Amino acid sequence: MLTPGEGVLVEVHAAGVSFPELLQTRGEYQMKPPLPFVPGSEVGGIVIGAPAGAAVAEGDRVAAFCALGGWAETAVAPAFFTFKLPDSMDFAQGAGLVLNYHTAYFSLVLRGRLKEGESVLVHGAAGGVGTASLQVAKAHGASTIALVSSDAKREVAEAAGADHVVMLGESWKDEVKELSGGGVDVVLDPVGGDRFTDSLRSLRENGRLIVVGFTGGSIPEVKVNRLLLKNTEVVGAGWGAYVMGKPQLNIEIGEAIGRMIDAGFVRPIVGERFAMDDAAGALHALDERRATGKIVLDVRPA
Ligand SMILES: NC(=O)c1ccc[n+]([C@@H]2O[C@H](COP(=O)([O-])OP(=O)(O)OC[C@H]3O[C@@H](n4cnc5c(N)ncnc54)[C@H](OP(=O)(O)O)[C@@H]3O)[C@@H](O)[C@H]2O)c1
């Protein structure tokens, strides 16, 4: 879909499964492809053909973002969305490298203006966007607080590098304020719902609440007097819509993530793996709030 001209042809070994695909199957995502369509926004695999001028060539192991059509044996992605996979990463990690990490970088750094030494609260911190955001925040010298709903998710957030983990419950806001010495600089929110007002209350002066998604189900509303009273901001971060028409920006974000990989900060955490013919099972795991890290379909034997 992203390659009306020439694209990079990828032999798919692993395909990523993310919340947008779940929403697409219900027609609830902002992009509504005509039916029938093959889902699958990103893959890890091997290049079997690349247009002239692409930074990748036949035989390269890559992570690629194709938007649709990734749950297949062969996928096509634009050259600007195809990135060499380091030897240290397997194909499953490659299938979790673009959507979540580009979103995390775009949200925290480009939209949220995260600076070294600031503090970040990450909602849904054991999920795909959540684990990526913890790692990107650490790479930028921030301290991190992860908010999660279970002990199993606590372990995943810790593995992703959270400095502190707070359990979702009555007192999470107070715990966050105490841990951050009065409030955090940035809240990264892929969950939304009824925790939004407490997220605003968790910010310190000049704080930014970055709206990334609504896995909690409802879209919160904000009383803007709260922003005035504490000099805070609510910032929207819609990665796909912003970057799609900007090839060079995607290359630059890919390079920034490459530097974070080389420095040892970025390392996709793969959760449950499903066979291709159980893609529906993978979507159910997301829907039932069971997912941790990145859910992956093994398209070819691992
Ligand atoms: N803005 C963008 O550009 C952009 C890009 C990519 C994805 N997104 C959005 O970001 C969100 C997160 O995606 P993801 O792939 O990271 O999902 P994920 O791996 O399933 O993680 C989502 C987290 O949300 C929390 N959650 C709270 N209520 C939930 C519920 N009723 N059902 C499911 N999860 C619930 C869960 O954490 P706890 O159980 O710990 O609360 C879960 O770990 C989605 O809304 C997605 O569409 C936005």
Amide H contacts under 5 Å for G207, placed H, 5+ residues apart: E233
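Using 0.36 nm times the number of residues separating K115 and E252, minus their current alpha carbon distance, what extension gain do you get? Don't skip to the end; give the middle numbers.
Values: separation 137, 0.36 × 137 = 49.32 nm, distance 1.85 nm.
Between K115 and E252, full extension yields an extra 47.5 nm.
So with the 1.4 Å probe, I'd like the accessible area per residue for the chain, rounded to whole Å².
Roughly 44 Å² per residue, with all protein chains present.
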For the chain, share of DSSP beta bridges that run antiparallel, in % to the nearest 5: 50 percent
Long-range HN-HN contacts of G69 with modeled amide H, under 5 Å: V38, G40
Carbon plus sulfur fraction of accessible area for region 155-302, probe 1.4 Å, in percent: 50 percent
Extended-chain gain in nm, criterion 0.36 nm per residue less alpha-carbon gap, A152 and R201: 14.9 nm
Unit charges at the beta carbon, dipole of region 125-211: most positive-side option, M167, T131, G182: T131
Top positive-direction residue, dipole computed over the chain with Cβ charges, set A146, L9, V235: V235
Longest DSSP-loop-exposure-free segment, trypsin sites (Lys or Arg not before Pro), the chain, at most 16 other Cβ within 10 Å: 116-222
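Which FRET efficiency value, to the nearest 0.05, do you get for R26 and R300 by plugging their Cβ-Cβ distance into 1/(1 + (r/R0)^6) with R0 = 22 Å?
On the way: r = 28 Å, r/R0 = 1.29.
That gives a FRET efficiency of 0.20.
Treat every Asp and Glu Cβ in the chain as -1 and every Lys and Arg Cβ as +1, leave all other atoms uncharged, and give the resulting dipole magnitude about the Cα centre to the nearest 20 debye. Before the final figure, lay out the partial values.
On the way: 27 positive and 36 negative charges, 159 e Å.
The calculated dipole for the chain is roughly 760 debye.
Please list D151, D298, D189, D194 from largest to smallest accessible area, probe radius 1.4 Å, with all protein chains kept in place.
Largest accessible area first, the residues go D194, D151, D298, D189.
For region 1-112, give the percent of accessible area contributed by carbon and sulfur heavy atoms, probe 1.4 Å, rounded to a whole number.
Values: 2440 of 4410 Å².
Ligands and nucleic acids excluded, carbon and sulfur give 55 percent.
Give, rounded to the nearest 20 debye, the magnitude of the charge dipole that region 180-302 has about its Cα centre when Lys and Arg contribute +1 at Cβ and Asp and Glu contribute -1 at Cβ. Please report the intermediate quantities before stating the final value.
Numbers: 15 positive and 16 negative charges, 66 e Å.
Around 320 debye, computed over region 180-302.
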Residues whose placed amide H lies under 5 Å from that of Y29, excluding near-sequence neighbours: Q24
Efficiency of FRET between F37 and L227 - r from beta-carbon atoms, R0 41 angstrom, step 0.05: 0.55
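The values are calculated or read from the model by the stated rules, or taken from the named source; none is laboratory data. Just so you know, these numbers come straight off a predicted model, no measurement behind them. We place every Cβ from the backbone using ideal geometry, glycine too, and count neighbours over all the protein chains shown. The protein model used for the area step is the full one, side chains on, heavy atoms only, and it has no ligands, DNA or RNA in it. Shrake-Rupley method; radii C 1.70, N 1.55, O 1.52, S 1.80 Å.
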